[in-house]
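Here the structure comes first, spelled out in structure tokens, and everything after it is commentary.
The values are calculated or read from the model by the stated rules, or taken from the named source; none is laboratory data. For clarity, every value in this text was computed on a predicted model and none was experimentally measured. Cβ placement follows ideal geometry from the backbone for every residue including glycine, while neighbour counts extend to all protein chains displayed. Each accessible area value is taken on the protein alone, full model and side chains, heavy atoms only, with ligands, DNA and RNA left out. Shrake-Rupley method; radii C 1.70, N 1.55, O 1.52, S 1.80 Å.
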Amino acid sequence: MTSDRWIRSPMFLLAVACVFHAFVSGEQRFIEKPPLYQEVSTNDDVQLRCIVQDKAGQCIWQKDRRPVGMHPDKYEWASNRGGDCTLLIRRANLYFDDGFWECQVTSSDFTRQDALSSEQSRLLVRVKPRKPQLEYGGAELGATLTLKDGQEAMIACVSRYGNPPAIIKWFVGNDEVEPAAVQSNATEVDNRKTWAAHSVLRVRGQRENHGLPIRCVAAHPTSLTPIGTESRLDIHYSPEVRLETNPQPLSAAPEDSASFLSLKCLADANPPANIKWFKDSVPFSALLADGTSSSLPIQGKTILLNDTVWSAELLFEPVKRDDAGLYSCKATNIVGESAPASYRLDVQYAPMLKKMNGNDTSMDMEETALLSSAVDLFECPEFEANPPAQYKWVHLRGSVTETIGNRVQNKGGGRRLHLENIMWSDEGEYRCIAFNTINGIRREITSDGRYVLHVTGPPEIQARPLPGEKDFYESVGWAGEHVHRLKSRFCSRPPPKLVAWQWGSSHIRAGESIHPKYEALPLEPIVENKMVTNCYWAKLEIKDLRKEDARMYTLLVESEKGRDSTNINLIVKDPTETRVIAAAVAVGLLFMLLLISVGVYSLLKMRRRRYLQKVEEEGSIAADALYSNGASMDQQKSINSSHAKTIARKSSLDGSQGVYDYSCIAKQTRAISPEALKVRRAPAVLQPPTIV
């Protein structure tokens, strides 16, 4: 009775209904939970996904552990489906919507305790940070960062009021560099929901980085383009200088009074530097003040070439000999002084006579040397030149200048004249020539000094036969010649005591005569280069020359140092024989010329005859080909068919006649009759053939 009453009670019925519902509908659970992290930009809409299977309870959302109610146009359900608890947040706002969200579902029945709660979902509302700024020494960094060469500095980049914090990167020029430490992020004091990003860079002053920008770039998801700020490096460094020549490179060595040159001193410095010039380590200012330099190049103005390079110029217009030397330039600024840059200017010039104590060193000299001796006679005065001068000696012998091959070129460049085995031909005046070569051109100058050599020795007759020949030389005369002269050159110092001509039993001295046939002229001193030498002409005149005068004549020269003699063979020729030979040669030449002319004429005539015959053969028509009466009709047809390709038929103007061009008829292979030669290329008018 009691059990029946309990079964019928309302509590029992409710429990049975719940168990039955559980078995029929199943337990509610999450199919999809909100993501653990999600971002949304300010004023954008966002959905927090939450799907529940067999949902029996009610959907509830909490933010930062506090429930959030549904508000039209702000917090709304994304769908009206039974198991969809997705929350739609409109116009996301940092202060209202940024935080941790939870999707919750109440129990389907208090007895079941099947309430649901998702993990916290971080919704971050993105906020664009402000433009980053550079800081140095606790203060904002301006447009430039001034450092000395080698100095180090720590600069900071701060990006504030962004959510999430910005990512900071550093650039020097176009190259990304690593920061000195890991970026640090902290919430703002006055706005805990935003962040301040802080990064530090260690900068070292280097002259090659002067003028480059230091850029701090803040990358943030709210913008596709990073936001940046920059400051330029202003590196102070000591100057560096270098020298340049113009023209550059030098195509030719600078020449005195002929070349133009400029030197540029380029100083790379920051801050600007003061450029100073030096010559042989002496400042230009001191040279100008002392007046120790006769000439200095023109100093141009100092000009700025670019941000840090300054140029100072020296102008050599033109280059002078005194400009040669070591030129240097230095630059100085507040940081320091540069090392000097140097250029040695080597000015080339032609030889110039060196003056000793202001006096000219050239003078006239005379020396005497023994015949067949070897001596060092004269020394040329010293010449200044660049490149150094070389020397050569010339021997003046009348109108002929003979260069002396000096064998001691290695001693003073050939200044001293050295002669070996002195002969009478070495006597006379010598001149010294100094020379050098500038840019491929030889420059010479002759010394003003005159150097005269006198040779002393026994007489020597200089007109002699060559070794291996006869012991005489010949003189040719013509019969009937009014005066024929035999002469010979000889040298002697002291002068000869005896000069005589001998032939047969006759003997005659210089200055005597045998009237009226022979006369020995007085000795004639030889003058070379306006100077009387120790050489003479001995002359014998033979008047009214006959064939009987042909004989051997002997010249004898004698002095206190010795004697010498030579033989002269006189040959007398008959001029008539010469005329006959000349006439015979002329006749032979004329006859040969005549034969050549006849041969050429015959050859030309034969070639012309062959040419005309060939033309006639090619341009004639055999008479038998047109007027033969013995040819049958079959033969005529055969001829017509064999020459069908060579006959061109032309229509007549009136259409009743045919015109045939005989120039197209093939050449006959058989012999041409004389009558056929009369037929030429004139066209013949024939009646057209009759067709039956």
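Scanning the range 49-62 finds no residues that are open to solvent by less than 20 Å² (accessible area, probe 1.4 Å), out of contact with any Leu (no Cβ under 8 Å at 6 or more places or on another chain), touching a residue at least 60 places away in the same chain (Cβ under 8 Å) and not assigned by the TED database to the domain that holds Arg192.
Highlighted here are the strands (runs of 3 or more DSSP E) found entirely within the range 171-289 that include at least 3 residues which are under 30 Å from Gln299 (Cα atoms) and either at pLDDT below 90 or under 37 Å from the mean Cα position of the chain (by Cα) (or both): 227-246, 261-270, 274-279.
In the set Arg66, Arg29, only one residue is closer than 30 Å to Pro129 by Cβ and at pLDDT 90 or above; that residue is Arg66. Among the residues of the range 212-260, write down those that are among the hydrophobic types (A, V, I, L, M, F, W, C) and within 30 Å of Met154 (Cβ to Cβ). Scanning the range 212-260 gives Leu212, Ile214, Cys216, Val217, Ala218, Ala219, Ile227, Leu233, Ile235. Restricting attention to the range 492-524, and to residues there that are outside any loop (DSSP other than H, G, I, E, B) and over 22 Å from His482 (Cβ atoms), which single residue is most open to solvent (accessible area, probe 1.4 Å)? Within the range 492-524, the match that is most open to solvent (accessible area, probe 1.4 Å) is Arg509.
Filter the range 186-204 for residues that are of a type in the set (Gly, Ala, Ser) and over 16 Å from Ser231 (Cα atoms) and give the result. Scanning the range 186-204 gives Ala186, Ala196, Ala197. Just one of the numbered conditions (1) touching a Leu at 6+ places or on another chain (Cβ under 9 Å); (2) over 30 Å from Ala196 (Cβ atoms) is not true of Thr42: (2).
Within the range 67-94, the set of residues being aromatic (Phe, Trp, Tyr) and over 14 Å from Asp44 (Cα atoms) comprises just one member, Trp77. Taken over the range 73-110, the residue count meeting the criterion of being out of contact with any Leu (no Cβ under 6 Å at 6 or more places or on another chain), assigned to a strand (DSSP E or B) and of a type in the set (Val, Ile, Thr) is 1.
Looking across the range 397-448, the residues that are over 28 Å from Gln462 (Cα atoms), in contact with a strand residue (DSSP E or B) (Cβ under 7 Å, 6 or more places away or on another chain) and modelled with pLDDT under 85 come down to Val408, Gly413, Gly414. Applying a threshold of 8 Å to beta carbon distances and a minimum spacing of six or more residues, or different chains, the list of pairs starting in the range 187-215 at a residue that is hydroxyl-bearing (Ser, Thr, Tyr) and ending at one that is part of a loop (DSSP other than H, G, I, E, B) reads Thr187/Lys193; Thr187/Thr194; Thr194/Pro129; Thr194/Glu188; Ser199/Pro179; Ser199/Ala181; Ser199/Gln183. Here is the figure for the range 540-553: residues that are open to solvent by 30 Å² or more (accessible area, probe 1.4 Å) and assigned to a strand (DSSP E or B) total 2.
Once the range 111-158 is narrowed to residues that are in a strand (DSSP E or B), among the polar types (S, T, N, Q) and farther than 19 Å from Ser199 by Cβ, the residue that is least open to solvent (accessible area, probe 1.4 Å) is Ser121. Residue under question is Ser251, and the condition is that it be closer than 30 Å to Gly325 by Cβ and in contact with a Leu (Cβ under 7 Å, 6 or more places away or on another chain); does it hold? So Ser251 does not fit the description; no. When we screen Thr106, Thr146 for residues that are β-branched (Val, Ile, Thr) and either without any contact (Cβ under 8 Å) to a residue 24 or more places away in the chain or in the same structural domain as Arg66 (by the TED database) (or both), the only hit is Thr106.
Looking only at the range 423-442, which residues are within 43 Å of the chain's Cα centre (by Cα) and open to solvent by 60 Å² or more (accessible area, probe 1.4 Å)? Thr437, Asn439, Gly440, Ile441, Arg442, listed by residue number.
Can we say Ala269 is closer than 30 Å to Gln151 by Cα and open to solvent by less than 40 Å² (accessible area, probe 1.4 Å)? In short, yes.
Summed over the range 322-336, residues that are farther than 15 Å from Thr245 by Cβ and either crowded, with 16+ Cβ neighbours inside 10 Å or not charged (D, E, K, R) (or both) total 7. Taking the conditions (1) assigned to a loop (DSSP other than H, G, I, E, B); (2) touching a Pro at 6+ places or on another chain (Cβ under 9 Å); (3) over 27 Å from Thr576 (Cβ atoms); (4) not aromatic (Phe, Trp, Tyr) in turn, Val532 satisfies each one other than (1). The number of residues in the range 185-221 that are β-branched (Val, Ile, Thr) and over 12 Å from Tyr161 (Cβ atoms) comes to 4.
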